[in-house]
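Novice: Mind looking over this structure? Questions follow.
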Amino acid sequence: MDYEMEELFPIVTKLARKYAGFESTSLSYEKARMLMEAVIYCLDEYWSQASGTVSRDLSAEEQYALGAELVLEKAGRIREMHNEMSASFEDYGVKCLRDTVQKGIPEFLKRYDARFCPQDTILTLDYPVMVDLSSCSGADRVHGYLSAISAEQRFLGRFGTAYVISVLERYCSGYRDLYENICEILLGNVLGHLFLQKPLAETEFEREELDRLSARFQALSVSETEREVEGSTREMLGRFYCNDPQVLEYLRSGVQNLAVRIDTAVRTGRADKVFLL
């Protein structure tokens with residue numbers, strides 16, 4: 001929504017008085033800009049999160065107040081999600097994943113200022129997830145990030161820790177220091193088994209099997225490979241995850257990248273870089 005400056009200025013002024021402890025409204029340009037961004041962030045939160053209940057009859061100040069409440073609620077959900085996840089979280093020995101979730105998120109919760117600077121993400125979120133969160137910031141970004149990690153944990157958990165680590169070791173002996181998404185690595189390997197109808201218990205692909213996979217994908221364009229990957233991913237989730245919508249939506253976010261990886265691998269004669277174990 002577009003707002004006139006005269007609608008936003010009173011909100012920013014009141015917020016500035018609270019920020020300054022009601023002693024002065026004289027703020028630096030940087031602080032005033034921060035507070036304006038905070039107000040806009042909460043207004044965006046109102047319009048994006050209160051779908052179905054938004055009212056155009058409310059004033060900008062009323063919309064801001066409701067948006068600010070939504071931000072606080074989201075910060076609370078982040079804490080709940082993290083506490084719940086921590087009870088069974090598995091990092092598979094990947095330091096970047098462990099540090100981001102187990103150290104970074106608590107640091108965010110400790111430092112996040114939902115009232116005066118809700119737009120600040122604080123963290124760099126070094127472990128990459130497959131969903132694109134670049135358009136989000138603050139609590140929205142961290143909430144989306146934890147939702148992605150939750151979906152990953154459910155997907156990876158079905159294979160067992162030992163199997164996941166075996167795949168990662170085959171991918172890279174120094175996997176513990178990887179700054180790559182391990183879910184995508186495992187998904188590529190699993191799809192290789194599905195394409196060949198090869199049980200996961202039968203580990204390691206024979207040369208003849210890699211040749212068959214290569215021939216299959218060399219005959220396809222990247223977009224056709226993408227459709228194959230998405231279709232097989234849906235089939236797998238239907239069989240083993242009861243069509244978990246969050247896991248499906250998350251894995252679909254990585255389909256395009258995985259299709260490109262498969263296409264590159266088979267056309268360079270290195271199918272074994274995707275189909276690992």
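The values are calculated or read from the model by the stated rules, or taken from the named source; none is laboratory data. Note that the structure is a prediction, hence the values are computed from the model and not measured. So basically every Cβ, Gly included, is an ideal-geometry build from the backbone, and we count neighbours across all protein chains shown. All accessible areas refer to the heavy atoms of the entire protein, side chains included, with ligands and DNA or RNA removed. Shrake-Rupley method; radii C 1.70, N 1.55, O 1.52, S 1.80 Å.
Novice: What is the helix-to-structure angle for 222-240, meaning the angle in degrees between its Cα long axis and the longest Cα principal axis of the chain, kept from 0 to 90 and rounded to the nearest 10?
Specialist: In the chain, helix 222-240 runs at an angle near 90 degrees to the longest axis.
Novice: Separate question: Relative contact order (percent) for segment 204-277, with alpha-carbon contacts under 8 angstrom and 6 or more residues of separation? Intermediate results must be reported in sequence, preceding the final value.
Specialist: On the way: 52 pairs, mean separation 35.6, N = 74.
Over segment 204-277, the number comes to 48 percent.
Novice: Rounded to the nearest 10 degrees, what's the angle between the helix 29-49 long axis and the longest principal axis of the chain, both from Cα atoms, 0 to 90?
Specialist: 60 degrees
Novice: Any idea what the relative contact order of segment 90-199 is, in percent, if you count C-alpha pairs under 8 Å spaced at least 6 apart?
Specialist: 31 percent
Novice: So, one more: Note down the relative contact order for the chain as a percent, whole number, built from C-alpha pairs under 8 angstrom at least six residues apart.
Specialist: RCO, the chain: 16 percent.
Novice: OK, next. Can you send over the solvent-accessible area of Asp57, 1.4 Å probe, protein chains only, in Å² to the nearest 10?
Specialist: Spelled out: Asp57, probe radius 1.4 Å, area about 140 Å².
Novice: Something else about it: Given that compact globular proteins tend to follow 2.2 N^0.38 Å, what is the ratio of the alpha-carbon Rg of the chain to that value?
Specialist: Numbers: Rg = 23.2 Å, N = 277, 2.2 N^0.38 = 18.6 Å.
That ratio works out to 1.24.
Novice: Still on this structure, please answer the following. What shape does segment 121-245 have by the C-alpha gyration tensor, where a ≥ b ≥ c are the square roots of the eigenvalues, rounded means a/c under 1.5, and otherwise prolate means a/b greater than b/c and oblate the rest?
Specialist: prolate
Novice: What are the extents of the Cα atoms of segment 57-145 along their three principal axes, in Å, largest first?
Specialist: The principal-axis extents, from largest down, are 52, 25, 20 Å.
Novice: Can you tell me how much longer the chain between Thr268 and Phe240 gets when fully stretched, taken as 0.36 nm per residue apart minus their C-alpha distance, in nm with one decimal?
Specialist: Contour length minus the Cα-Cα distance gives 6.8 nm.
Novice: Moving to a separate point now. Give the long-range amide H neighbours of Asp113: residues separated by 5 or more places, or on another chain, with amide H under 5 Å away, using H modelled in the peptide plane at 1.01 Å from N.
Specialist: Residues meeting the amide H criterion: none.
Novice: Work out how much length Gln49 to Arg207 would gain on full extension: take 0.36 nm times their residue separation and subtract the Cα-Cα distance, in nm to one decimal.
Specialist: Taking 0.36 nm per residue and subtracting the Cα distance, the gain is 51.7 nm.
Novice: Roughly how many Å² of Ser48 are accessible to a 1.4 Å probe, to the nearest 10?
Specialist: Around 70 Å² of this residue is reachable by solvent.
Novice: Report, in degrees rounded to the nearest 10, the 0 to 90 angle that the Cα long axis of helix 182-196 makes with the longest principal axis of the chain.
Specialist: Once rounded, one gets 40 degrees.
Novice: Only sites in a loop by DSSP and with at most 12 other Cβ atoms within 10 Å count here; which GluC sites (Glu not before Pro) in segment 135-214 make the cut?
Specialist: In loop regions of segment 135-214 (DSSP not H, G, I, E or B), the sparsely surrounded GluC sites (Glu not before Pro) are Glu202, Glu204, Glu206.
Novice: For each pair in Lys74/Lys103; Lys18/Lys95; Lys110/Lys273; Lys31/Lys74; Lys18/Lys74, compute the distance between the two Cα atoms and list the pairs where it is over 31 Å. Working shown, then result.
Specialist: Values: Lys74/Lys103 19 Å; Lys18/Lys95 41 Å; Lys110/Lys273 40 Å; Lys31/Lys74 24 Å; Lys18/Lys74 22 Å.
The answer is Lys18/Lys95; Lys110/Lys273.
Novice: Right, next: For the pair Lys198/Val260, report the inter-label distance in nm, with labels modelled 7 Å from Cα in the Cβ direction.
Specialist: 2.6 nm
Novice: Stretch Arg33-Glu6 to full length: gain in nm at 0.36 nm per residue minus the Cα-Cα span?
Specialist: The Arg33-Glu6 span can extend by a further 8.2 nm.
Novice: Compute the label zone of Ser88 within segment 103-141: residues whose backbone N is under 16 Å from the point 7 Å along Cα-to-Cβ.
Specialist: none
Novice: Here's another thing I want to ask about it. What does the accessible area per residue of the chain come to in Å², with a 1.4 Å probe and no ligands, DNA or RNA counted? Numbers along the way, then the final one.
Specialist: Working: 14400 Å² over 277 residues.
About 52 Å² of surface per residue is accessible.
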